[in-house]
1. Find the percent of Cα-Cα distances in the range 1-61 that exceed 15 Å, and round it to a whole number.
2. Between residue 112 and residue 15, what is the spin-label point distance in nm, taking each point 7 Å from the Cα along the Cα→C-beta axis?
3. For the chain, set up a Gaussian network in which alpha carbons nearer than 10 Å are linked by springs, and say which option among 12, 102, 127 fluctuates the most.
4. Between residue 24 and residue 86, with labels modelled 7 Å along Cα→Cβ, what's the label distance in nm to one decimal, could you check?
5. How far apart, in nm, are two points set 7 Å out from the Cα along the Cα-to-Cβ line at residue 151 and at residue 2?
6. Taking the chain as a Gaussian network, where each spring joins two C-alpha atoms under 10 Å apart, which residue of 22, 58, 158 fluctuates the most?
7. How large is the Kirkwood hydrodynamic radius of the range 12-97, counting all unique pairs of alpha carbons, in Å?
8. So what's the convex hull volume per residue for the Cα atoms of the range 15-168, in Å³?
Ligand code: S3P
């Protein structure tokens, strides 16, 4: 069975929707961020701080290449995975890629009390969200399907994804 690959901005609901899907489909959930943290034995914020974003992206690329070879998974991807064409091609090889979309206001509301995302740990996170969203929009839109999560519960989003899967 093809992987179900969740892409989208930080706070779009990839992790929580991924968990719901894993339960509903009885499939294994893997997160590229969790795999990176395990591999590096340090949190994402330390990787960014001590080794820089390009290093993080290189580790992310290797992680995506490895996980893309597997099947039957739900894959929760870090928000910047789509920036590499190679990542997206690898993920599409064995997977259905779904873009979970949310507006800047909703994202800000969801992430504002969290401190573990180095890219948003800045004086004006709202401006940063808008800036990154405008850069990334066209990359996210290369997914096979898009679901707007702004006004939906994770359960509703997961059930919408189920409807997109091929039926036998
Ligand atoms: C990033 C998103 C994060 C994490 C890293 C970079 C991004 O993952 O990979 O902080 O570039 O958008 P989440 O989208 O799971 O927060």
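1. Numbers: 1056 of 1830 pairs.
Cα-Cα pairs of the range 1-61 separated by over 15 Å account for 58 percent.
2. Spacing of the two 7 Å Cα→Cβ label points: 1.9 nm.
3. 127
4. Here the answer is 3.4 nm between the modelled labels.
5. 2.9
6. Answer for the Gaussian network model of the chain: 58.
7. Working: mean 1/r = 0.0750 Å⁻¹.
In the range 12-97 this quantity evaluates to 13.3 Å.
8. Working: hull volume 18.1 nm³, N = 154.
Value for the range 15-168: 117 Å³ per residue.
Coordinate-derived values only; no laboratory data. Note that the coordinates shown come from a computational prediction; the quantities given were computed from them, not determined experimentally. As a convention, Cβ positions derive from the backbone with ideal geometry for all residues, glycine included, and neighbour counts pool all protein chains shown.
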